[in-house]
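Working notes, beginning with the structure itself.
Rule-based calculations on the coordinates, nothing more; no lab input. Keep in mind the model is a prediction, meaning the values are calculated, not measured. Here the Cβ positions follow ideal geometry from the backbone for every residue, glycine too, while neighbour counts run over all protein chains shown.
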Amino acid sequence: MNIAVTFLPRREPIPLPPIGFIGGGNMASAIIGGLIKQDVPAASIEVVEPFAEARARLANDFGILAQPAAGPALARCKVIVWAVKPQSFAEAARPVRGLAPDALHLSVAAGIPSGSIARWLDTERVVRAMPNTPALVGQGMTGLFARAAVDMGDRKLIEQVLDATGELMWVDAEESLDVVTAVSGSGPAYVFYFIEAMTEAGVELGLTPEQAHQLAVGTFTGASALAADAAEPPAVLRERVTSKGGTTYAAITSMESDAVKAKFKTAIRAAHQRAAELGQEFGKA
C-alpha cells in the first residue's frame with residue numbers, strides 16, 4: 001500500500017475556541033496539558049468523564065471541573081475531542097448528538113471508521129487521529145485523516161489543538177490509519193519490549209538493573225535522534241556500526257539466523273489486521 005502523507009512543521013499559535021472532551025483519560029490529559037501550555041484557559045475546556053477518580057485528577061492537574069455526563073455546556077464547544085474506548089463510542093455519542101451541531105469532531109479512538117462517527121453524530125466534519133503514548137511527554141507521533149467536509153481552516157484548528165503532543169502527519173486514505181496504528185500507535189510497546197529484553201540481558205551479564213536500564217533507554221534515545229537527523233536510511237546507519245567479525249556483527253548475525261526481522265514484521269501485520277477488525281467490530285452500531 002502506498003501511503004500519501006504530509007508531515008507538518010511546528011505551527012504559530014492561533015486563538016482557540018472552547019473545546020470539549022468526551023473522556024478524560026491519559027490521551028485526553030496529554031492533549032489538555034498541551035492546550036494549557038498554550039495558555040488556553042481551563043475555563044474554556046469542557047470535559048465529560050464518568051469516573052470520579054479521573055474527574056478528581058483533572059481538577060487537581062488542570063483546574064478543570066469535569067462533568068459526569070454530557071449536558072448543555074457542550075453547546076459552546078467548537079471542537080469536540082473523542083477520547084473514549086472504541087467499544088464505548090456509539091453509546092457515548094447518543095447524548096452528545098445534537099448538543100453542538102456546528103462542532104468539529106476529532107476522534108482519537110482506535111479503529112472506529114469516520115463514517116460510523118459521522119453517522120452517530122449526524123455531521124460530516126470529522127477528523128480521525130491515531131496518536132501514541134509519547135504524546136504524554138510531548139514526543140508523540142500522530143496520524144490524521146479528515147473527511148471531505150473538513151476544510152483547510154478545520155485542519156489548521158486540529159493541528160493547533162494537537163500541536164503540543166508532538167509530530168503530526170496527515171494521510172489521504174482512511175485505511176492508512178490502520179497502518180499508522182500498527183507502526184506508531186502500537187509502536188511504543190515494541191520499543192519497550194526491546195528495552196525490557198536489553199535490560200534483562202544486561203542484568204544477566206552482570207550489570208545492576210539500574211545500569212542496564214539506563215544503557216538500554218539511553219541507546220534507544222540516542223539512536224532515534226541519530227536516525228531522525230541522518231540523511232541515510234536506517235540500514236546504512238546499522239551497517240556503519242556493524243564491523244564484520246565484531247560484536248555487533250555477532251548480534252545481528254544471531255538475530256538474522258533467528259529471523260527476528262521477519263517475525264517482527266509479522267507482528268506488525270497482526271497489529272494492522274486487528275486495527276481493521278476493531279473498526280468492523282465496533283463501527284456497526
For this session: For the chain, find the longest principal axis of its Cα atoms and tell me its angle to the long axis of helix 187-204, 0 to 90°, nearest 10.
Result: 40
Problem set entry | Shape call, segment 200-285: gyration tensor on alpha carbons, a/c limit 1.5 | prolate
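For the chain, the longest stretch holding no trypsin sites (Lys or Arg not before Pro) located in a DSSP loop with at most 11 other Cβ atoms within 10 Å is which? List each step's numbers first, then the result.
Numbers: sites that count: ARG10, LYS244, LYS284.
Answer from the scan: 11-243.
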For this session: Give me the distance in nm between label points sitting 7 Å out from Cα along the Cα-to-Cβ direction at GLU91 and ASP122, one decimal.
Result: 2.2
Seminar exercise, completed: Rounded to the nearest 10, the angle in degrees between the Cα long axis of helix 152-162 and the longest principal axis of the Cα atoms of the chain comes to 60
For this session: Report the label-to-label distance for GLN67 and ALA251 in nanometres (one decimal), using points 7 Å from each Cα along the Cα→Cβ vector.
Result: 5.4
Seminar exercise, completed: GNM of the chain, Cα pairs under 10 angstrom: of ALA173, ALA197, ALA30, the biggest fluctuation goes to ALA197
For this session: Using the structure shown, list the pairs from LYS37/LYS85; LYS37/LYS78; LYS244/LYS265; LYS37/LYS284 with a Cα-Cα distance above 29 Å, or answer none.
Result: LYS37/LYS284
Problem set entry | Charge dipole magnitude, Cβ of K and R +1, D and E -1 - segment 5-176, Cα centre, debye nearest 20 | 220
For this session: Springs between alpha-carbon atoms under 10 Å, Gaussian network over the chain: tell me which of ALA189, ALA109, ALA235 tops the mean-square fluctuations.
Result: ALA235
Problem set entry | For segment 77-126 versus segment 267-285, the gap between their alpha-carbon centres in whole angstrom | 19
Exercise. Using θ = phi - 60° and the Karplus curve 6.51 cos²θ - 1.76 cosθ + 1.60, what whole-Hz ³J(HN,Hα) does each residue of segment 20-37 get, with Gly and Pro shown as x?
Worked result: x, 10, 9, x, x, x, 4, 5, 4, 5, 4, 5, 4, x, x, 5, 4, 5
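Between LYS156 and PHE194, what FRET efficiency comes out of the Förster formula 1/(1 + (r/R0)^6) with R0 = 51 Å and r the beta carbon distance, rounded to 0.05? It would help to have the intermediate numbers written out before the result.
Numbers: r = 37 Å, r/R0 = 0.72.
After rounding, the FRET efficiency stands at 0.90.
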For this session: Relative to the longest principal axis of the C-alpha atoms of the chain, give the angle of the C-alpha long axis of helix 247-257, reported between 0 and 90° and rounded to the nearest 10°.
Result: 70
For this session: Would you look at the GNM of the chain, springs on alpha carbons closer than 10 Å, and say which of THR221, THR123, THR199 moves the most?
Result: THR221
Exercise. What chymotrypsin sites (Phe, Trp or Tyr not before Pro) in segment 39-116 are in a loop by DSSP, with at most 16 other Cβ atoms within 10 Å of the Cβ?
Worked result: PHE51
Exercise. Normalised by the residues of the chain, what does the relative contact order come to in percent, with Cα pairs under 8 Å and at least six apart?
Worked result: 18
Problem set entry | Shape category assigned to the chain from the gyration tensor of Cα positions, a/c cut at 1.5 | prolate
For this session: Estimate the FRET efficiency between LYS261 and ALA75 by the formula 1/(1 + (r/R0)^6), using the beta-carbon distance for r and 45 Å for R0, to the nearest 0.05.
Result: 0.30
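For segment 1-157, what does the relative contact order come out to in percent, with C-alpha contacts under 8 Å and a separation of six or more?
On the way: 255 pairs, mean separation 30.7, N = 157.
That works out to 20 percent.
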